[in-house]
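Visitor: So that we are looking at the same thing, I have put the structure below in structure tokens.
The values are calculated or read from the model by the stated rules, or taken from the named source; none is laboratory data. Remember, it's a predicted structure, so these values are computed and weren't measured experimentally. Note that we place each Cβ from the backbone using ideal geometry, even for glycine, and neighbour counts take in every protein chain shown.
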Amino acid sequence: MSLVLPFKSFIRDLGEKKHDLSSDTFKARLLSVEVDPDWDTWSDCSASEIANGNGYTTGGITLSVTSWSITDGAVRWMVTSPVWTSSGAGMASYRSLVIVNDTATNDELVLYVDYGFGRSVAAGEDAPIFFDEENGVFVLGISG
């Protein structure tokens, strides 16, 4: 399971109604560089998306949002893990994954995973990216 963190702007953007976590379209995209938590929009990092081909398509994969609900005393955003299967000579090495709100006007950044090193995926293998599909990819604790 990957440690998924919010971009700083995402928390602010929730209060400004830029994201509808139940109905907007969210995409997972892979980057070759370290994430800067201060990035706001896709334009801040788009030049670092890994190359198209051998199992990866630039623009990323649309994520399936399974729920945005209160469960066990917390608000949980449940999203299925993206799957990229490397092919041919193997897809380009990646260091980070970003989740982008593709519905938002400026493709605002939402969440990220920075693995700390370049990850290669051999041809025929799936990129090892796993979100917490039991507890949620994003959780807000509530009291009471």
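Matching residues to (1) exposed (fewer than 13 other Cβ atoms within 10 Å of the Cβ); (2) touching a helix residue (DSSP H, G or I) at 6+ places or on another chain (Cβ under 6 Å):
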| residue | (1), (2) |
| --- | --- |
| G73 | yes, no |
| T85 | no, no |
| V100 | no, yes |
| V121 | no, no |
| A127 | no, no |
| N135 | no, no |
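Visitor: Count, please, the residues in the range 54-102 that happen to be in a strand (DSSP E or B), farther than 22 Å from K8 by Cα and among the hydrophobic types (A, V, I, L, M, F, W, C).
Guide: Count: 2.
Visitor: Further, regarding this structure: Within the range 9-42, take every residue that is surrounded by fewer than 17 Cβ atoms within 10 Å (Cβ to Cβ) and among the hydroxyl-bearing types (S, T, Y) and give me the one that is nearest to V121 (Cα to Cα).
Guide: Once the filter is applied, the top-ranked residue is S32.
Visitor: Restricting to the range 1-51, what's the tally of residues that are at pLDDT 95 or above, out of contact with any strand residue (DSSP E or B) (no Cβ under 8 Å at 6 or more places or on another chain) and either under 15 Å from V79 (Cα atoms) or acidic (D, E) (or both)?
Guide: 2
Visitor: Filter the range 92-115 down to the residues that are within 19 Å of A51 (Cα to Cα) and over 14 Å from the mean Cα position of the chain (by Cα) and list them by number.
Guide: Answer for the range 92-115, where residues must be within 19 Å of A51 (Cα to Cα) and over 14 Å from the mean Cα position of the chain (by Cα): A92, S93.
Visitor: So which residues in the range 7-33 are touching a helix residue (DSSP H, G or I) at 6+ places or on another chain (Cβ under 9 Å) and not basic (K, R), if there are any at all?
Guide: Once the filter is applied, which keeps residues that are touching a helix residue (DSSP H, G or I) at 6+ places or on another chain (Cβ under 9 Å) and not basic (K, R), the range 7-33 yields F7, H19, L21, L31, S32, V33.
Visitor: Hey, can you tell me all the residues within the range 111-144 that are among the β-branched types (V, I, T) and farther than 24 Å from T85 by Cβ?
Guide: Passing the criteria: V139, I142.
Visitor: Taking into account only those residues within the range 103-144 that are part of a strand (DSSP E or B) and of a type in the set (D, E), which is farthest from D20 (Cα to Cα)?
Guide: My answer is D126.
Visitor: Follow-up. Under 7 Å between Cβ atoms, at least 6 apart or on separate chains: pull out the pairs that start in the range 56-81 with a residue that is without any contact (Cβ under 8 Å) to a residue 60 or more places away in the chain and end on any residue that is assigned to a strand (DSSP E or B) and among the small types (G, A, S).
Guide: So the pair list comes out as G60/A28; I61/A28; L63/A28; M78/S67.
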